[in-house]
Amino acid sequence: MQASEINKNKQSLKRPLEDEDADSMRKREKVDEVSEATSKDNETATTASVKKYKPISSDLYLDTINRKLLDFDFEKVCSVSLTNLSVYACLVCGRYFQGRGPSSHAYFHALNDNHHVFVNCSTLKFYILPESYQVESSALHDIAYVMKPTYTREEVAKLDRVPQVSYDLMHKPYVPGFVGLNNIKSNDYFNVILHLLSHVKPLRNYLLLNNFDGCSQVIQRLAITVRKIWNPKAFKGHVSPQELIHEVTLLSHKKYSMNEQKDPLEFLSWLLNTLHVSLGGKKSTIEKPTSIIHYNFQGHVRVESQKIRQHTQNGDHVVFEGDRVIKTDVVPYLYLTLNLPPRPLFQDEFEGNIIPQVELVKLLEKYNGVTTQELSGMRRRFHLMNTPPYLLFHMKRFMKNNYFTERNPTIVTFPLDNLDMSPFIDDSFLKSHPKISPRYNLIANIVYESVLSADGETHVFRVQLRNPASNKWYQIQDLYVEEISSDMINLGESLIQLWERAP
């Protein structure tokens, strides 16, 4: 009996302990449930706040961009205020506006016309207006590349080795480097010189690979124009050089502009000297070249001058004699002028005008050091002391008299490759530089043509360029680009030629 009572007492003592443990467990479960609910509520509130303040998608409005209307070749000025400060381009309609603040022209344009995507023409950063937040998307990289093309050394090395054909937005093929240039009014003389310089390999590579942010405006705009000419990812198959023409007009005090046609040679001479000074070159004569312009184009010629004296003999007979003193000077040159033979005065047997022909080598005899030329009471002989990597020849076709300017239509025939200049170069230079080749290959040929129309006689300049990657020739006149046969090169009236030293 006593044992059973003891067991009952033990069980009665255990029950209160078990009840207390159960109560405590229930309380803990309630606390956990409350804490879980609280944490869920906090998470929900946080998520709601994130959703509430989530920024607008960066891809919004990008589908409104119209790449076919974009043209970044023209002057970057606001279409409303005509200022060139803080200019933004609308990527929907292609127009330029100033600023992006609440009171700017770009802001009002975004509100009125519902155009929202803009790009800063200086920093190449993209913005959405009127919200005014920046957009960074890979879908916009092609637009930034068209505005300012960039090249690597590997890409530049392939320009003259691998033939390349690209396509614009209209799926029309074009060859980078051989694209048309827009003739805004009368700037065809400007276009042919720009094409000629853009095919000088060292100068082209220098403009494609280097950064010119701190240089003069003419260097910056020339570099951008040359990069656009060689752009393989262009939106259109032609380039407008308006920005470069505008800067040239300012520097030349309106001597060279798009409103009046000029002599390509005079413009080439002015542009080479301007670029030389802008790149930090010195006005040296015999010293080493101080810029890439003089390194590629400058040579030296020895000029022997002898004064011609006249006196009467036997009272009425006039005798011309050369002075005993011969003055010798070494003069630098950027191009060589070649004098054409005078045009014939009489007609041929078929009563047609004779168009004479002369070989280029015959014209180069002017610089052999033996042939003399008499002009303005002086007898001169010319001999080349050295030749640069790139030779520029100018055929002197126009002669001014007291009444008008006369044109010489003589056709000059020449080889396209391996022009031997050794007979006209000083022997001491050839012996001291045996590794320098005296042979040259033709790279560019600027042709003149006179066209008669109802408005009178007009002058047309076109350029013929060799593509070294495919060894094909292209003829470019403003926006018209066509492939031509190499046999057609000698048929035109050549005005300026660019020759490259053979390897």
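The values are calculated or read from the model by the stated rules, or taken from the named source; none is laboratory data. Quantities reported herein were computed from a predicted structural model and do not represent experimental measurements. Backbone-built Cβ (ideal geometry, glycine too); neighbour counts: all protein chains shown. Keep in mind that these areas ignore ligands, DNA and RNA; they rest on the heavy atoms of the full protein, side chains included. Shrake-Rupley method; radii C 1.70, N 1.55, O 1.52, S 1.80 Å.
Can you tell me which residues in segment 110-139 are of a type outside the set (S, T, N, Q) and assigned to a strand (DSSP E or B)?
VAL117, PHE118, VAL119, PHE126, TYR127, ILE128, TYR133, VAL135 - these are the residues of segment 110-139 that are of a type outside the set (S, T, N, Q) and assigned to a strand (DSSP E or B).
For segment 423-483, which strands (runs of 3 or more DSSP E) that fit wholly inside it have 1 or more residues that are open to solvent by 30 Å² or more (accessible area, probe 1.4 Å) and farther than 30 Å from VAL156 by Cβ?
In segment 423-483, the matching strands (runs of 3 or more DSSP E) lie at 439-453, 456-467.
With among the hydroxyl-bearing types (Ser, Thr, Tyr), in contact with a strand residue (DSSP E or B) (Cβ under 6 Å, 6 or more places away or on another chain) and under 29 Å from ILE308 (Cβ atoms) as the only criterion, which of THR405, THR371 stands out?
THR405
With over 30 Å from the mean Cα position of the chain (by Cα) and at positive phi as the only criterion, which of SER132, SER103 stands out?
Exactly one residue qualifies, and that residue is SER132.
Looking at segment 484-503, which of its residues are touching a residue at least 60 places away in the same chain (Cβ under 8 Å) and assigned to a helix (DSSP H, G or I)?
SER486, ILE489, ASN490, LEU491 - these are the residues of segment 484-503 that are touching a residue at least 60 places away in the same chain (Cβ under 8 Å) and assigned to a helix (DSSP H, G or I).
Does LEU222 satisfy the criteria of being under 18 Å from the mean Cα position of the chain (by Cα) and modelled with pLDDT of 90 or more?
yes
Inspect segment 92-107 for any residue being farther than 27 Å from ARG204 by Cα, open to solvent by less than 30 Å² (accessible area, probe 1.4 Å) and assigned to a helix (DSSP H, G or I) and give the result as yes or no.
Yes: segment 92-107 contains one or more residues that are farther than 27 Å from ARG204 by Cα, open to solvent by less than 30 Å² (accessible area, probe 1.4 Å) and assigned to a helix (DSSP H, G or I).
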